[in-house]
Amino acid sequence: MKPKILQHLHMPPLLATALHARYDVHPLWEEADPQTFLAAHGADFSGYVTTARFGISEATLALLPALKVISSFGVGAETLPLDAARARGIAVGTTPEVLNDCVADTAFGLVIDVARRLSAADRFVRRGDWLQGQYPLATQVSGKRLGILGLGRIGQVVARRASGFDMEVRYHNRRPNPAVPYVFEATLESLANWADFLVVVSAGGPETRKLVNADVLRALGPKGFLVNVSRGSVVDEEALVQALETGAIAGAGLDVFEDEPRVPQRLLALDNVVLLPHLASATHETRQAMAEMVVQNLDAFYATGAVQAGP
Ligand code: 8YV
């Protein structure tokens with residue numbers, strides 16, 4: 001008999017097909033009232049498949065007394081109740097490493113886009129404004145200072161990309177990493193003060209909540225740019241909007257927001273910010289690799305009792 005698992009939401013066809021081949025999959029998102037369904041049938045399921053964006057709530061976890069494994073599509077664990085899962089001995093699988101390159105590429109895309117004002121220039125051409133005169137000068141990227149908040153797996157790939165642009169790299173983490181060749185800044189404010197570009201790649205969750213606040217943005221200064229490809233929660237969005245509106249920082253490139261997919265109207269109105277719909281890992285290649293890991297984590301768990309990779 002195939003193990004019975006719940007699928008939280010619609011998944012890429014590739015992943016859905018692989019899941020159905022091995023598991024007895026119930027599409028929870030098709031239930032009119034998922035909580036009522038779980039209250040009646042929750043005890044039937046030992047596995048749960050979700051994504052980093054939606055995760056699983058503690059309330060749902062409580063309705064799944066036989067749950068043994070959660071397999072999440074994505075590396076972020078902000079939406080996963082790790083303590084509650086650990087307390088019940090539930091294994092949690094995520095998809096680290098395979099998305100490092102694409103997320104780092106996106107971070108660099110945002111660095112270049114916001115500094116050289118490429119998306120704004122595209123709007124300029126489409127509006128026909130080129131016929132009226134030249135586009136204003138922008139800011140050079142190569143040779144500048146790149147500060148990284150969160151020099152983990154993705155952060156280190158961002159740092160490698162920066163060396164191709166002859167950029168100096170420093171970072172701030174909870175603690176210094178003796179294995180890396182970059183200067184550690186003891187506070188985020190000192191990193192922001194030093195940097196021309198502050199790139200946020202730290203994990204989300206309570207420990208990093210609103211770390212990038214008004215003081216950090218003030219330290220980044222009117223010539224500094226902020227790029228965020230981690231989680232909206234790491235940045236105080238209200239402080240960021242104010243900093244962009246008043247010129248306290250030069251610009252921002254954002255792939256993530258506090259309340260996705262809702263982007264504050266005040267950000268939409270600004271030209272010194274590049275806004276992306278949380279697409280950093282969204283390439284055919286990376287999403288395929290992530291999908292394979294979701295299945296591998298489940299397969300490994302049902303074969304050995306442990307997932308292959310997790311938070
Ligand atoms: C995905 C992500 O957008 O891995 C993560 O943590 O945020 C992204 O890769 C997400 O998991 C897809 O729903």
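Since every read-out is calculated from the coordinates, none of them should be taken as a lab result. All values derive from a computational prediction rather than experimental measurement. Please note: Cβ atoms are built from the backbone with ideal geometry, for glycine as well, and neighbour counts cover all protein chains shown.
Looking at Asp259, is it surrounded by 18 or more Cβ atoms within 10 Å (Cβ to Cβ), acidic (Asp, Glu), within 16 Å of the ligand (Cβ to nearest atom) and under 14 Å from the mean Cα position of the chain (by Cα)? Judged against the criteria, Asp259 is not a match. Comparison of Ala248, Ala291 shows that the only residue that is in a loop (DSSP other than H, G, I, E, B), of a type in the set (A, V, I, L, M) and surrounded by 17 or more Cβ atoms within 10 Å (Cβ to Cβ) is Ala248.
Here's the yes/no breakdown for (1) farther than 16 Å from Met290 by Cα; (2) buried (at least 16 other Cβ atoms within 10 Å of the Cβ):
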| site | (1), (2) |
| --- | --- |
| Leu6 | yes, yes |
| Glu31 | yes, no |
| Thr51 | no, yes |
| Ala59 | yes, no |
| Ala84 | yes, no |
| Thr106 | yes, yes |
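When the criteria are applied in full, Gly133 meets the requirement of being closer than 25 Å to Val273 by Cβ and without any contact (Cβ under 8 Å) to a residue 24 or more places away in the chain. With respect to the conditions (1) among the aliphatic types (A, V, I, L, M); (2) touching a residue at least 60 places away in the same chain (Cβ under 8 Å); (3) away from the ligand (no atom under 16 Å from the Cβ), Val141 lacks only one, and its number is (2).
For region 218-247, a residue qualifies if it is among the hydrophobic types (A, V, I, L, M, F, W, C) and either free of Cβ contacts under 8 Å to residues at least 24 places away in the same chain or touching a helix residue (DSSP H, G or I) at 6+ places or on another chain (Cβ under 6 Å) (or both), and the qualifying residues are Ala219, Leu220, Phe225, Val227, Val229, Val234, Ala239, Val241, Ala243. Within region 262-301, the set of residues being among the β-branched types (Val, Ile, Thr) and within 16 Å of the ligand (Cβ to nearest atom) comprises Val263, Thr283, Thr286, Val294, Val295. All of Ala280, Ala309, Ala300 fail the test of being under 30 Å from Ala21 (Cβ atoms), touching a Cys at 6+ places or on another chain (Cβ under 7 Å) and hydrophobic (A, V, I, L, M, F, W, C), apart from Ala280. Quick check on Leu80: is it over 15 Å from Ala309 (Cα atoms), surrounded by 19 or more Cβ atoms within 10 Å (Cβ to Cβ) and not small (Gly, Ala, Ser)? For Leu80, the condition - over 15 Å from Ala309 (Cα atoms), surrounded by 19 or more Cβ atoms within 10 Å (Cβ to Cβ) and not small (Gly, Ala, Ser) - is not met. A count restricted to region 97-110 and to residues that are of a type in the set (A, V, I, L, M, F, W, C), within 16 Å of the ligand (Cβ to nearest atom) and assigned to a helix (DSSP H, G or I) stands at 5. For region 267-288, filtered to residues that are polar (S, T, N, Q) and part of a helix (DSSP H, G or I), the residue that is surrounded by the fewest Cβ atoms within 10 Å (Cβ to Cβ) is Gln288.
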